[in-house]
Amino acid sequence: MGIEEVMVWIWLGVFVISIVIEALEPGLISIWFAGGAILALILSIIPGVPFWVEIIVFIIASVTLIFSIRPLTKKYLLKKETKSNVEEKIGEKCTVLVEVNELSHGEVQLNGIIWTAVAKNKGDVFLKDEVVVIVGIDGNKLVIDKDSK
């Protein structure tokens, strides 16, 4: 059994491994090697095609797919991140439950949920029952500032 007879199984293996890697880590990288492997697999089925031709076709097809089609698919398939529920709360007003100052985190209530809060500016103090506005998120804490209205 020569190398040409084995190449069918090698290309099938490359195809399967590429698909599995893409399924585990979807980044639109290994899928293009699967496309090259399919073309090389088709060539390996044709009698008399040398294995080095299959390798060249695999490399050229994979590189061509990566540089020509990948940018288009990334543009349409990998959309920009959408805001999470918490990020949509930026700009909303909430009420201080526990004083927020430079030395300690406080607590605010937003839509019935109690959050840990920190002041946006060093030195700001927010007293209990004061209405504040959410200006950002720092980990699992809301960053608050004085309500300008």
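None of the figures in this text is laboratory data; all of them are computed from the coordinates on show. All of these numbers come straight from a predicted model, not from anything done at the bench. Please note: Cβ atoms are built from the backbone with ideal geometry, for glycine as well, and neighbour counts cover all protein chains shown.
Helix by helix through the chain, keep the DSSP H runs that span 24 Å or more along the axis on Cα and average at least 0.0 on Kyte-Doolittle, and give those back in order. Could the numbers behind the result be given before it?
Working: long enough: 3-24 (30 Å, 2.00); 51-68 (25 Å, 2.36).
Answer set is 3-24, 51-68.
Using a Förster distance of 25 angstrom, determine the FRET efficiency expected from the C-beta separation of D138 and T73, and round it to 0.05.
On the way: r = 35 Å, r/R0 = 1.39.
The formula returns an efficiency of 0.10 here.
When the Cα atoms of the chain are enclosed in a convex hull and the volume is divided per residue, what value in Å³ results?
Details: hull volume 25.6 nm³, N = 149.
Considering the Cα atoms of the chain, their hull volume per residue is 172 Å³.
Calculate the dipole size of the chain relative to its Cα centre from +1 charges on Lys and Arg beta carbons and -1 charges on Asp and Glu beta carbons; express the result in debye to the nearest 20.
Charge dipole, the chain, about its Cα centre: 420 debye, nearest 20.
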Farthest towards the positive end of the dipole of region 3-77, among L41, G27, A61 and with Cβ unit charges of +1 on Lys and Arg and -1 on Asp and Glu, lies the Cα of G27
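Based on other C-beta atoms within 10 Å, arrange K141, K75, K122 from fewest to most. Before the final figure, lay out each step's value.
Details: K141 15, K75 9, K122 6.
Ordered by Cβ neighbours within 10 Å, fewest first: K122, K75, K141.
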Under the Karplus relation with 6.51, -1.76 and 1.60 and θ = phi - 60°, whole-Hz ³J(HN,Hα) for region 118-126, x at Gly and Pro, equal 10, 7, 5, 9, 4, x, 5, 10, 10
Contour minus Cα-Cα span, I45 to L127, at 0.36 nm per residue, comes to 21.8 nm
For the pair I56 and W9, the simple spin-label estimate (label points 7 Å beyond Cα toward Cβ) gives in nm 2.7 nm
Taking every alpha carbon pair in region 92-149 and sorting the distances into 10 angstrom bins from 0 up to the bin holding the longest one, the percent per bin comes out as 28, 64, 7
Label model pair V98, L28: point-to-point distance (7 angstrom along the Cα→beta-carbon line) in nm is 4.6 nm
